[in-house]
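Report on one structure; see the data block that follows.
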């Protein structure tokens, strides 16, 4: 049930972000001739043209938990991610990322600690090296981390904290509209989730409008 709810939330966020940013494409096309930074978004063959994008993929998350959680020797977790954003120039984009980790389990013998699930939502700036189909990037941003200790994300006693994310990755364009991505990121949290840092290796596919 938690996985289905998380997947529905990620798809909804990606759709909303894509719809919002894609509305800027018409404006970008009209302004391209007067903008010295423009990368000719009207060129249908360009892999670096301005426009909105959405993507779905998987996560492999490794805990970087701080005490007292680190003492419980939590294991890794598989998860899902959704992302969407807008590319303004060949070298700059904004991207919202939602990451869900299904189950971090404590491995300390005899422990009574709870399994943990996490849902992070961040808005990131993305610096891109536009090398035709092959495009490495760096990104960093801020948002929120929600932690479920077994009672569900909807409960009022859930842990919610401010979060920062920093990462690097590669976009590889298969066609003008279809690309695949791989990235690695580190997320740090504050507030009620301040001890629950984690690394995430993500991969997936993206549609570029």
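None of the figures in this text is laboratory data; all of them are computed from the coordinates on show. For clarity, every value in this text was computed on a predicted model and none was experimentally measured. As a convention, Cβ positions derive from the backbone with ideal geometry for all residues, glycine included, and neighbour counts pool all protein chains shown.
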Could you work out the percent of alpha carbon pairs in the range 64-209 separated by over 27 Å, rounded to a whole number?
28
The simple spin-label model distance between residue 190 and residue 103, using points 7 Å out along Cα→Cβ, in nm, is 3.4
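Using C-alpha positions alone, give me the convex hull volume of the range 57-115 per residue in cubic angstrom.
95
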